[in-house]
Every structure is written in structure tokens, then in C-alpha cells.
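Written below as C-alpha cells is the structure these notes are about.
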Amino acid sequence: MSVCEDFYSSNPRPANYDILSNKIEDFCQLHKDHKVVLITSGGTSVPLERHTVRSLENFSNGTRGSSSAEYFLQSGYAVIFLYRLKSLEPFTRHFSDMNILDWLVIDNDPEISQIKVGSEYISTLLPILKKYKEVMSSGRLLSVPYISLSDYLWLLRAACKALSPLNGKALLYLAAAVSDFYIPLDKMPTHKIQSDDGVPNISLHLVPKILEPLVHSWIPKAFIVSFKLETSSSLLSTKARRALEKYHHKMVIGNLLQTRKYHVLMVTENEEYDITLSEEEKFQNVEIESKIIEDLCKKHDTFLSS
């Protein structure tokens with residue numbers, strides 16, 4: 001048994017796996033004649049106990065994944081949004097740092113009290129609400145939540161297998177911050193770790209490299225894009241190129257933690273090039289994801305035509 005299969009055999013499926021996997025299959029069947037993108041977004045949780053009180057987290061708010069989903073939708077794609085529960089989601093992300101109660105006013109009509117949106121917020125809310133309603137009425141967005149690393153990997157495999165019949169029309173945009181380490185279930189205490197017992201001895205194991213079976217077995221004909229995050233600019237190109245050569249997918253998007261909101265490095269088999277925001281674009285609050293997705297859509301169309 002491979003290391004990857006051993007992980008799946010020793011980690012239970014999420015409790016709602018059948019419901020979610022059926023939704024994914026139905027969605028893929030509905031959009032089988034269109035371009036569909038699977039976006040993974042947010043961080044994963046690694047439990048320290050079976051009845052989880054404490055966990056290790058890969059930090060990610062899901063900014064890149066949630067914003068990218070909107071731009072893929074604008075480009076006509078159907079979107080499966082596999083996201084960490086309570087991380088940012090398409091459309092609602094615009095209001096994540098706002099208190100919705102501040103937006104609402106009570107209209108004290110003598111007949112009936114009604115709640116309305118304050119007039120000063122209408123211009124912000126209305127265009128986003130229109131886009132959201134249009135997308136939801138078209139049925140082109142399916143949001144699939146996860147929490148733990150195990151949940152994520154089970155649902156990722158289910159989504160890949162459901163998308164596989166679409167061949168090249170499927171695009172994978174793997175933007176989630178996935179843990180490199182986990183605690184096997186048989187090494188995990190059942191109940192809460194007690195501080196009275198002193199400093200716990202926690203042994204972390206490496207998470208299997210899922211990208212290898214994903215590219216070669218689960219969905220081999222898809223256009224697959226992964227991300228590489230580094231903190232040192234001297235490593236970025238080398239590590240991105242190394243990942244591409246190891247797994248033989250279509251593209252790695254390299255980004256530095258410090259500059260990821262206005263610069264990325266696009267790495268393919270034959271070229272490397274930068275996508276950046278100009279000072280004027282930064283001032284105008286242009287999101288770099290708009291330029292990334294524009295570039296990827298062109299690359300995907302070229303891939304399909306060839």
C-alpha cells in the first residue's frame with residue numbers, strides 16, 4: 001500500500017462526506033460541457049486529540065482563494081470552492097471586517113417596524129449583491145467546507161474524481177495552505193491532553209505528497225496549478241521550478257509572504273514571468289488575483305485548443 005493510500009485507510013472520512021461528495025458529483029455532471037475550476041482555499045487544522053480541544057493550524061484567511069473565485073466566475077467558469085469553514089468566501093469577503101449591525105437601521109413605521117440598509121452603505125452593497133444573486137441563480141458556484149487536514153484530503157480526492165471525466169475542461173487552482181505535518185490517528189490521545197501530566201511529547205509525521213497521485217492518477221488530463229509560498233526571494237524560483245519538475249503539472253505560482261498581495265512569479269515548463277501591481281493599481285485597490293486569473297484563463301484556453 002502506498003503512503004498516500006495508507007493515510008486514507010487510517011483516517012476516517014468526514015461525517016458529511018457522502019452528502020458533500022454527492023453534491024460535487026451532481027455539480028460536475030450539471031456543468032460537464034463547460035469549464036469548471038476547483039479552488040482550494042484557507043488553512044487546515046491538525047487535531048492533537050481525537051476529541052479535539054487543541055489543534056495545530058496552518059494560517060490562512062482564504063483571501064487569494066475567495067477573490068480568485070469571483071474572477072473565475074466573471075470569466076464564465078463554474079466554481080467548486082473547497083474552503084476552510086469560517087475563512088473568507090466569495091462576495092461575503094468584502095464585508096469581513098465590517099459589523100453588519102452598523103449597516104442596518106430600523107424604520108419605525110407606525111404600522112410595522114422594518115429593517116433597512118443605511119443609505120450610505122447602499123452603493124457598496126448593491127453591486128456585490130447583484131453579482132452574488134446572478135451567480136447563485138445560474139448555479140455556477142458550489143461551496144464545500146472543511147476543517148481538518150483529513151477532511152480536506154478526503155474532499156479533495158472526491159472532487160478530483162468527480163471532475164476527471166471533464167478532462168481538459170477541468171482546472172485545479174490549489175491555493176489552500178495545507179499542513180506538511182500531522183499526527184496519525186493511532187498516535188493521538190483520545191481525550192484532552194492534561195497540563196498536569198507535564199509537557200506533552202508530540203511526534204509529528206509528514207503528510208503524504210498528494211499532488212503526485214492527483215496529477216498522475218486522480219485527474220491526469222486537467223490543467224493543474226499549484227502554489228509555492230516562501231519567505232526568502234532567493235528560494236522562490238528554485239522551489240517553484242523543483243515542484244513543477246517533480247510533479248509535471250502545468251504551472252506553479254510562486255509568492256513571497258511579504259509581497260504576495262502585489263507580486264507573484266508564474267512558472268511553467270518553458271518560462272517564468274512576473275505578475276505585479278503598479279503603484280497606480282495599488283492606489284486604485286486593484287486585486288492582483290484579477291490579473292492572475294486573466295492570465296490563467298488565457299493559458300487554459302490555449303491548453304484546450306491544443
Item checked: Cα gyration tensor category, rounded, prolate or oblate, for segment 199-267 with a/c compared to 1.5 -> oblate
Notebook entry, point to check: Which value, in debye to the nearest 20, gives the size of the charge dipole of the chain about its Cα centre, when Lys and Arg are +1 and Asp and Glu are -1 at the Cβ?
Noted result: 780
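Rounded to the nearest 0.05, what FRET efficiency is calculated for R50 and S119 with R0 set to 45 Å and r the Cβ-Cβ distance?
Values: r = 52 Å, r/R0 = 1.15.
Once rounded, the FRET efficiency stands at 0.30.
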Next item on the list: May I ask you to evaluate 6.51 cos²θ - 1.76 cosθ + 1.60, the Karplus curve with θ = phi - 60°, for each residue of segment 198-214 and list the ³J(HN,Hα) values in order in whole Hz, giving x for glycine and proline?
Entry: x, 5, x, 9, 9, 10, 8, 10, 6, 6, x, 6, 5, 4, 5, x, 4
Next item on the list: Return a single number: how many Lys pairs in segment 188-254, at a sequence separation of 8 or more or on separate chains, have alpha-carbon atoms below 27 angstrom apart.
Entry: 12
Next item on the list: Enumerate the helices in the chain for which the Kyte-Doolittle hydropathy averages -1.0 or more and the C-alpha atoms extend at least 24 Å along the helix's axis, using complete DSSP H runs.
Entry: 119-138, 288-305
Check: Over the chain, what percent of the accessible surface lies on carbon and sulfur atoms, probe 1.4 Å?
Finding: 51
Check: What net charge is computed for the residues neighbouring S21, neighbours being all others with C-beta under 13 Å from the C-beta of S21, Lys and Arg scored +1, Asp and Glu -1?
Finding: 0
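If you take the square roots of the eigenvalues of the alpha-carbon gyration tensor of segment 87-197 and sort them as a ≥ b ≥ c, do you get rounded (a/c under 1.5), prolate (a/b over b/c) or oblate?
Values: a/c = 3.28, a/b = 1.52, b/c = 2.17.
In terms of gyration-tensor shape, oblate.
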Checklist line | Long-range HN-HN contacts of S60 with modeled amide H, under 5 Å | finding: G43
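Determine the dipole magnitude for segment 1-118: charges of +1 sit on the beta-carbon of Lys and Arg, -1 on that of Asp and Glu, nothing else is charged, the reference point is the Cα centre, and the result goes in debye to the nearest 20.
That gives a dipole near 380 debye.
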Note to self: Using the Cα centre of the chain as origin and beta-carbon charges of +1 (Lys, Arg) and -1 (Asp, Glu), tell me which of L82, S305, S148 is placed farthest towards the positive end of the dipole.
What the structure shows: S305
Note to self: Could you tell me how far the Cα centroid of segment 104-174 sits from the Cα centroid of segment 208-277, in Å?
What the structure shows: 27
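Add -39500 (n - 2.57) for each DSSP H run of 4 or more in the chain, then divide by its residues: what number comes out at 222 nm, to the nearest 500 deg cm²/dmol? Numbers along the way, then the final one.
Details: 9 runs with 111 residues, N = 306.
When only DSSP H runs of four or more count, the value is -11500 deg cm²/dmol.
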Note to self: If I build a Gaussian network model for the chain, linking alpha-carbon pairs within less than 10 angstrom, which residue out of K239, K228, K250 has the largest mean-square fluctuation?
What the structure shows: K239
Next item on the list: Could you tell me which of I115, F91, V3 has its Cα farthest along the dipole of segment 1-140 towards the positive end, charges placed at Cβ (Lys, Arg +1; Asp, Glu -1), taken about the Cα centre?
Entry: V3
Check: Of D18, D274, D197, which is the most mobile in a GNM of the chain whose springs link Cα atoms less than 10 angstrom apart?
Finding: D197
Checklist line | Candidate values (1) 32, 28, 21; (2) 29, 22, 19; (3) 37, 22, 17, label of the one derived for semi-axes √(5λ) of the Cα gyration tensor in Å | finding: (1)
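State in Å² the accessible area per residue of segment 136-210; use a 1.4 Å probe, count heavy atoms of protein chains only, and round to the nearest integer. Show your work: numbers first, answer last.
Numbers: 3640 Å² over 75 residues.
It amounts to 49 Å² per residue over segment 136-210.
From the Cα gyration tensor of segment 1-89, with a ≥ b ≥ c the square roots of its eigenvalues, which class applies: rounded if a/c is under 1.5, or else prolate if a/b is larger than b/c, or else oblate? Don't jump to the answer; show the numbers that get you there.
Working: a/c = 2.37, a/b = 1.41, b/c = 1.67.
It comes out oblate by the Cα gyration axes.
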Notebook entry, point to check: Among K169, K35, K261, whose mean-square fluctuation peaks in a Gaussian network model of the chain (Cα, cutoff 10 Å)?
Noted result: K261
Next item on the list: Hey, can you grab everything whose amide H is under 5 Å from the amide H of R140? Only 5+ residues off in sequence or another chain; H modelled, so Pro and N-termini drop out.
Entry: none
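The values are calculated or read from the model by the stated rules, or taken from the named source; none is laboratory data. Keep in mind that this is a model prediction, so the values were computed, not measured. Cβ atoms come from the backbone with ideal geometry, glycine included; neighbour counts cover every protein chain shown. Side chains are part of the model used for accessible areas, which takes the heavy atoms of the whole protein and leaves out ligands, DNA and RNA. Shrake-Rupley method; radii C 1.70, N 1.55, O 1.52, S 1.80 Å.
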